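What follows is a single structure, written as structure tokens, with notes after it.
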Amino acid sequence: GAADAYITWRIHRAAGMPVVLAVPDSSEAARLVDDLRFFAGREAFDDIALFPSYDLASFRSVSYNIRTAGERIALLYRISQGLLPSVTVVPVDSLIQRLVPTEKLTGFAMSIDEGQEIDRDALVARRVAGGYERTPVVEEVGDFSVRGSIIDLFSPFHEQPVRIDFMGDTVESINFFSPVTQRRSRQTNSILVLPAREVVIEKKSMGRIISSVKKRAGALGLPVSASREIIRKMEQNELIDGIENLMPLIYPSTSTFFDYLPSDTCLVFLQPENMRHAAETKAARALENYNSAKKDGKLCVGPDDLYISWQDVADSVRERPLLMFSMLADASLEQMLGRRVLSRRINVFDNTSTSAMLHVGKNDGNRAIAPLLSWIKDNRHAGAASVVVCGSRARQERVEKLFELNDFKVVTVDDFTGLKNSGSAVYVVPGAVSSGFNFYDERIAIISDAEIFGTPLKRHKKKEKSLRDECLDLDTLRQGDLVVHVDHGIGRYEGIEKIKVDGVTNDFLLITYRDGDRLYLSVDRMDLARKYVGAGDIAPPLDKMGGKSWARTKARAKKEVEKIAKELLSLYARRKVSQGRSFTPPEEWLRDFEAGFPFEETEDQRRVIEEVLSDMQSPVPMDRLVCGDVGYGKTEIAMRASFVCVSEGMQVAVLVPTTVLAEQHFATFSERFSGFPVNIAALSRFRSVREQKKIVADLKEGRLDIVIGTHRLLSKDVQFKELGLVVLDEEQRFGVRHKEALKKLRTTVDVLSLTATPIPRTLHMSLMGVRDISVITTPPERRRSIKTYICEFDDAIIRTAVRKELERGGQIFFVHNNIHKIHFIANHIQKLVPEARLGIAHGRMTPESLENEMMRFVNREIDMLVCTRIIESGIDIPSANTIFINRADMFGLAQLYQLRGRVGRADEQAYAYLFIPKESALGRDAQKRLKVLMEHSDLGSGFQIAMNDLKIRGGGSALGVSQSGHISA
């Protein structure tokens with residue numbers, strides 16, 4: 001916990017030298033990095049580093065996460081140059097993995113300076129050898145592009161990509177630029193270009209590498225075809241998924257993490273007995289996967305060629321400075337090290353007993369503060385300073401008020417490094433630690449707000465650079481795409497041609513029509529044409545210029561649209577001119593309600609809350625769309641709006657797409673409103689007839705303040721006494737008629753829609769100004785990006801990933817969207833991982849069976865849920881952090897994003913495995929969807945994905961029930 005981080009940081013400060021902290025697993029490593037950054041303070045925040053593991057099954061053809069690769073390479077290079085961070089945290093998986101040889105990494109590193117002469121062709125060839133991918137636009141680490149005299153590339157060493165302008169072969173200028181807007185941000189004189197992956201395949205080594213590949217294939221008794229495709233890709237400079245698993249065939253020798261470290265580096269092993277167990281487990285799994293790969297006829301190398309053993313670790317640290325934190329003396333380690341291990345007892349105690357007695361709830365005031373005051377008095381008696389760590393501004397104010405009421409003087413500091421360590425002082429520090437502790441030898445005792453209030457904590461964290469803060473319009477038109485001209489109809493785009501008119505050369509889009517008709521459209525009149533988007537896969541016939549077919553098509557579409565246009569637009573018009581209810585937020589009560597929120601609001605969240613409350617205070621009925629990634633706090637915004645509504649005696653209707661989500665929201669709302677006189681109920685088909693009748697009656701009589709339900713709320717028997725607010729959650733799951741039916745309950749009602757990836761039609765209307773839109777792009781402070789892998793269906797990947805999740809006490813989703821084969825898949829998985837408790841869920845089960853199965857998963861009675869995409873909507877299970885999506889190519893972009901969003905809701909690292917057929921069998925749109933999903937694995941990208949979906953599918957008719965395709969007639 002946090003005590004380990006504190007001691008490690010003190011060791012670094014006392015020794016005045018860098019420390020490498022080795023830990024049993026990746027989750028512990030991530031927690032320790034956060035704790036270390038708290039103790040190091042803002043000044044040294046960036047000098048705490050993590051050497052991440054790939055978290056992948058060995059011997060599998062899976063694309064390694066390019067960002068993880070970039071982080072590893074940048075850190076290895078930094079260490080190789082003697083620039084060790086103050087503390088580097090390394091999980092065992094990374095510690096035992098064989099690495100790119102130090103001389104290869106440093107040899108490939110290339111400095112590019114302004115004014116330098118460089119062979120551009122050689123530079124491009126070198127990027128390809130280093131694992132860079134040539135792309136039209138540079139957005140991610142490892143991308144590069146060439147446009148005339150400009151080369152853009154994204155080196156792992158830098159936080160932004162660079163744009164290099166050449167004059168001939170001379171570097172004229174170097175500029176960093178935004179991967180979002182593609183605009184230059186600042187100029188620089190020099191950059192460092194590192195390989196993008198750990199495997200560098202240089203042309204001069206190609207003969208030896210091919211010979212090694214063939215020799216290994218022969219040793220395994222594999223046919224020539226087993227190595228032919230890999231050799232072809234190497235010769236063609238194509239990226240090879242999982243090539244890191246063949247590293248010993250690429251390099252004559254490999255390095256270990258210890259080879260990169262200076263010999264006098266201070267090493268700290270956290271729980272060496274657990275580290276050894278983790279290393280041995282990894283070795284056993286690697287052997288199992290190796291045997292499986294051999295059996296499947298795959299080209300692979302032995303586990304010993306990819307990992308070092310625990311004995312190798314012991315040998316590597318024998319002559320190095322080594323400290324170990326252990327609950328017990330490990331005699332076997334002494335034996336392996338061949339030297340005596342000196343031990344010293346450190347008296348550090350946790351806050352378990354104090355925390356158990358502390359029940360300062362949402363509205364308990366100072367009634368339960370006695371244990372906290374007693375804790376402070378004990379610390380003073382021991383001569384230790386008391387430090388209360390608060391994860392939010394609201395929590396900090398609450399703590400300060402509690403102490404003030406009890407005549408305790410507190411000192412508030414901005415940073416842990418600001419402590420003076422006075423034995424009698426009580427400090428309040430913003431931030432978060434994983435757990436508190438009492439370390440009287442150091443005269444310090446720490447307690448977290450989570451231990452005081454009994455609710456989750458948030459970490460003070462440097463805002464992660466977001467590649468998605470703005471919308472990027474890269475709507476590329478490719479030769480052969482169908483386009484629609486406003487006057488001439490559907491034609492085929494054939495490219496851009498330069499034509500001289502009246503002595504002036506201009507660019508024109510060439511569009512061909514039926515019978516060879518050609519239209520040259522000036523680029524300054526591109527607004528007259530747009531990309532064709534239609535339903536289905538059948539391409540429409542081309543129109544004839546001057547013909548009548550396009551006019552007939554427009555007439556049919558117009559007639560279809562007008563059926564709904566008057567009703568729908570008049571509703572929006574009435575809402576804009578109607579005098580709705582103008583709410584006045586009750587300041588004192590609202591402050592109390594806000595203080596009950598256990599997390600620090602993000603800047604985006606605060607802005608959106610202000611926008612929503614401002615709308616509610618306006619006499620014009622609110623119609624706002626809040627778009628934010630799953631788990632970004634949209635529900636809290638809805639609850640604040642609901643609180644304002646019910647505080648004035650009005651009712652709230654919360655419409656959700658599924659019964660399970662209704663039950664979860666009911667539990668969330670009930671807990672959040674527990675200290676206030678608010679009556680809440682859930683109305684769905686799973687309530688008994690008697691219960692439903694009572695809820696309906698209570699709504700009509702005004703005895704219910706908030707009702708949460710599925711489309712059952714739209715039934716004719718449901719009437720409200722005084723409806724003030726409608727909340728639509730996961731609105732993309734409802735049809736237009738469902739949503740409009742709810743709005744028609746009253747044109748004066750405020751409507752708040754919540755979505756992670758709004759369907760294109762909804763987004764289209766918002767961007768046109770028909771509706772107001774609020775976007776939340778800032779992630780909660782402990783959320784991590786979901787590591788996404790795209791690969792073919794593989795038993796070893798399933799087995800390894802499931803066991804890894806079970807070992808950390810987590811749960812797993814396996815999405816298989818074919819009901820007929822779902823039991824076959826479940827049986828197959830059960831054979832692979834017999835220890836896992838499996839459940840099955842799909843839409844053809846009876847409502848009772850489906851609810852029971854989902855609730856068993858929610859209650860953790862089963863470990864793994866094999867299901868259809870019924871889980872797409874809003875189900876919130878923080879313990880589920882691994883998801884498999886079978887035949888991911890069959891899903892839409894928003895569906896994939898929603899499915900992936902079912903995991904990663906806690907502070908654990910989440911993983912998504914997208915199983916697809918061979919890439920050659922994928923359709924063009926499927927490839928595009930999966931590429932977008934991989935590109936947008938960073939947090940806060942739901943809105944950006946919706947924009948891509950808008951490009952791929954079209955916006956839907958603003959005046960029709962069609963939710964994709966501008967007009968399909």
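Of everything in region 582-618 that's small (Gly, Ala, Ser) and assigned to a helix (DSSP H, G or I), which residue is surrounded by the most Cβ atoms within 10 Å (Cβ to Cβ)? Spell out the reasoning first.
Filtering region 582-618 down to residues small (Gly, Ala, Ser) leaves 582, 595-596, 614, 618.
With the extra rule that they be assigned to a helix (DSSP H, G or I), the set shrinks to 595, 614.
Numbers: Ala595: 16, Ser614: 11.
The extreme case among them is Ala595.
Consider Lys215 against the criteria (1) surrounded by fewer than 16 Cβ atoms within 10 Å (Cβ to Cβ); (2) under 18 Å from Tyr132 (Cα atoms); (3) charged (D, E, K, R): it satisfies all of them except one. Which criterion is unmet?
Result: Lys215 passes all but (2).
Just to be sure I understand the filter: pairs with C-beta atoms under 6 Å, separated by 6 or more residues or on different chains, first member in region 706-732 and in contact (Cβ under 8 Å) with a residue 60 or more places away in the chain and over 20 Å from Ala756 (Cα atoms), second member hydroxyl-bearing (Ser, Thr, Tyr) and surrounded by 21 or more Cβ atoms within 10 Å (Cβ to Cβ). Which pairs pass?
Filtered contacts from region 706-732: Ile706/Ser642.
Exactly one condition in (1) buried (at least 21 other Cβ atoms within 10 Å of the Cβ); (2) at pLDDT below 75; (3) in a helix (DSSP H, G or I) is false for Leu713; which is it?
Only one criterion is unmet by Leu713, namely (2).
Hey, can you tell me all the residues within region 238-281 that are in a loop (DSSP other than H, G, I, E, B) and farther than 20 Å from Arg72 by Cβ?
Looking only at region 238-281, we keep the residues that are in a loop (DSSP other than H, G, I, E, B), and these are 238-242, 251-254, 256, 261-265, 271.
Glu238, Pro252, Ser263, Asp264, Gln271, listed by residue number.
Would you mention how many residues in region 686-710 are crowded, with 16+ Cβ neighbours inside 10 Å, of a type in the set (A, V, I, L, M, F, W, C) and either outside any loop (DSSP other than H, G, I, E, B) or not assigned by TED's automatic domain parsing to the domain that holds Val660 (or both)?
Within region 686-710, residues that are crowded, with 16+ Cβ neighbours inside 10 Å, of a type in the set (A, V, I, L, M, F, W, C) and either outside any loop (DSSP other than H, G, I, E, B) or not assigned by TED's automatic domain parsing to the domain that holds Val660 (or both) number 6.
Please enumerate the residues belonging to region 851-875 that are touching a Ser or Thr at 6+ places or on another chain (Cβ under 8 Å) and either under 25 Å from Ser688 (Cβ atoms) or assigned to a strand (DSSP E or B) (or both). First the steps, then the outcome.
Kept after step one, since they are touching a Ser or Thr at 6+ places or on another chain (Cβ under 8 Å), are these residues of region 851-875: 851, 860, 870, 873-875.
Result: Glu851, Ile870, Ser873, Gly874, Ile875.
For a quick check of your reading: which helices (runs of 4 or more DSSP H) sit entirely within region 725-840 and have at least 1 residues that are more than 30 Å from Ala283 (Cβ to Cβ), at pLDDT 90 or above and in contact with a strand residue (DSSP E or B) (Cβ under 9 Å, 6 or more places away or on another chain)? Lay out the reasoning, then the answer.
Working: elements: 736-743, 760-768, 795-807, 822-832.
The qualifying helices (runs of 4 or more DSSP H) are 822-832.
May I ask you to list the residues in region 20-31 that are at pLDDT below 95 and either at positive phi or aliphatic (A, V, I, L, M) (or both)?
Once the filter is applied, which keeps residues that are at pLDDT below 95 and either at positive phi or aliphatic (A, V, I, L, M) (or both), region 20-31 yields Ala29, Ala30.
Please go through region 134-177 and give me each residue that is of a type in the set (A, V, I, L, M) and either in a strand (DSSP E or B) or not assigned by TED's automatic domain parsing to the domain that holds Glu114 (or both), ordered by number. Can you show your working first?
Restricting attention to region 134-177, the residues satisfying the condition of being of a type in the set (A, V, I, L, M) are 137-138, 141, 146, 150-151, 153, 162, 164, 167, 171, 174.
Scanning region 134-177 gives Val146, Ile150, Ile151, Leu153, Val162, Ile164, Met167, Val171, Ile174.
Would you say Asn245 is at pLDDT 85 or above, in the same structural domain as Ala15 (by TED's automatic domain parsing) and surrounded by fewer than 16 Cβ atoms within 10 Å (Cβ to Cβ)?
Taking the combined requirement at face value, the residue does not satisfy it.
A quick yes/no check of all residues on (1) assigned by TED's automatic domain parsing to the domain that holds Arg443; (2) part of a helix (DSSP H, G or I); (3) exposed (fewer than 14 other Cβ atoms within 10 Å of the Cβ); (4) at pLDDT 85 or above:
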{"residue": "Asp304", "(1), (2), (3), (4)": "no, yes, no, yes"}
{"residue": "Val313", "(1), (2), (3), (4)": "no, yes, no, yes"}
{"residue": "Ser316", "(1), (2), (3), (4)": "no, yes, no, yes"}
{"residue": "Glu319", "(1), (2), (3), (4)": "no, no, yes, no"}
{"residue": "Leu323", "(1), (2), (3), (4)": "no, no, no, yes"}
{"residue": "Ala329", "(1), (2), (3), (4)": "no, no, yes, no"}
{"residue": "Leu333", "(1), (2), (3), (4)": "no, yes, no, no"}
{"residue": "Ser343", "(1), (2), (3), (4)": "no, no, yes, no"}
{"residue": "Asn347", "(1), (2), (3), (4)": "no, no, yes, no"}
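Does Asp259 satisfy being at pLDDT 90 or above and acidic (Asp, Glu)?
yes
The values are calculated or read from the model by the stated rules, or taken from the named source; none is laboratory data. Quick caveat, the model's predicted, so the values are computed rather than measured. All Cβ positions, glycine included, derive from the backbone under ideal geometry; neighbour counts span all protein chains shown.
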